[in-house]
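A.B. asks: Below is the structure I would like to discuss, written out as structure tokens.
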Amino acid sequence: MVSAKGSVSIISENDLVTPQNSIYILLTKFDTIISKIIALFTNDKYTHAAIAFDADLHDVYSFSRKYVNFPLPAGLRTEPLNKGIYKINEQMSCALFRIQVDSDSYNRARHEVKKMMRHRKRFEYNIIGLFLCKLGIAYKRRRHYFCSEFVATILTDSNALCLPKVPSLMRPNDYTQMPELECVYIGELRCLRKYLEGCHAL
């Protein structure tokens, strides 16, 4: 998985060699007020989840803020690792997990995300569901999602993964406890990004 050299996390050459039909889940903890509040009440290491379908993480999808300095408005969007909130939080902790699935589940998951992106204006951030999730109360609202609920819905609806909870109760930290997911990186986001940029340049 990951080896450490000094204070820098290093990914071995084979870590991100992509098995066919792999889905990636990126977990992070932003240095924002909302993230700090969530961490305070849950004691979770990670407070944000996103999903990707390629090892270079070129297209990472999630429900998050539209503008870097304001938590709202928020909704479905792509999250480039070298821009926006990832750029200004490049020293934050992150973890990258991978699961290899059959081609049918992979294609269904990717197709569903692409379809949602085409109609992303129809979807909104599930603020109520986010806070009820922290209280252990399931709350499903049509066309409304928070980050880890969105990831869970895609994995469930595509039969890519059997989750221990309903999507509206899944927190980012829950993915770290699932043996079906292979952890391929733990460390600072900037180290992961530099590694991916180096691979892309080859």
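The values are calculated or read from the model by the stated rules, or taken from the named source; none is laboratory data. Treat the numbers as computed from the prediction; the structure is a model and nothing was measured. Positions of Cβ are backbone-derived with ideal geometry, glycine not excepted, and every protein chain shown enters the neighbour counts.
A.B. asks: Only one residue in E149, E79 is charged (D, E, K, R) and under 23 Å from E197 (Cα atoms), so which one is that?
C.D. replies: Working: E149 fails: under 23 Å from E197 (Cα atoms).
Unique residue meeting the criteria: E79.
A.B. asks: Let me ask something else. Any residue at all in the stretch 108-121 that's surrounded by fewer than 20 Cβ atoms within 10 Å (Cβ to Cβ) and not in a helix (DSSP H, G or I)?
C.D. replies: Looking through the stretch 108-121, at least one residue is surrounded by fewer than 20 Cβ atoms within 10 Å (Cβ to Cβ) and not in a helix (DSSP H, G or I).
A.B. asks: Okay, next question. Test each condition in (1) of a type in the set (F, W, Y); (2) more than 20 Å from P80 (Cα to Cα); (3) touching a residue at least 12 places away in the same chain (Cβ under 8 Å) for Y195 and report the one that comes out false.
C.D. replies: Only one criterion is unmet by Y195, namely (2).
A.B. asks: Moving on. Inside the stretch 140-158, can you point out the residues that are out of contact with any Phe, Trp or Tyr (no Cβ under 9 Å at 6 or more places or on another chain) and over 23 Å from N107 (Cβ atoms)?
C.D. replies: Correct list: K140, R141, R142.
A.B. asks: Another one. Of all residues in the stretch 93-107, how many are crowded, with 19+ Cβ neighbours inside 10 Å and either in contact with a Cys (Cβ under 6 Å, 6 or more places away or on another chain) or within 17 Å of Y46 (Cα to Cα) (or both)?
C.D. replies: 5
A.B. asks: Can K36 be described as surrounded by fewer than 19 Cβ atoms within 10 Å (Cβ to Cβ), at pLDDT below 75 and either basic (K, R) or assigned to a strand (DSSP E or B) (or both)?
C.D. replies: yes
A.B. asks: Tally the residues that are closer than 17 Å to D56 by Cβ and not in a strand (DSSP E or B), restricting the search to the stretch 72-86.
C.D. replies: If we filter the stretch 72-86 for residues that are closer than 17 Å to D56 by Cβ, which is where we start, we get 78-83, 86.
If we keep only those that are not in a strand (DSSP E or B) too, we end up with 79-83, 86.
Qualifying residue count, the stretch 72-86: 6.
A.B. asks: Starting from residues that are part of a loop (DSSP other than H, G, I, E, B) and among the aliphatic types (A, V, I, L, M), keep the ones in the stretch 122-145 and report whichever is surrounded by the fewest Cβ atoms within 10 Å (Cβ to Cβ).
C.D. replies: Going through the stretch 122-145, the residues part of a loop (DSSP other than H, G, I, E, B) turn out to be 123, 126, 135-140, 142-143.
Pick out the ones that are also among the aliphatic types (A, V, I, L, M) and you get 135, 137-138.
Numbers: L135: 9, I137: 12, A138: 13.
By that ranking, first place goes to L135.
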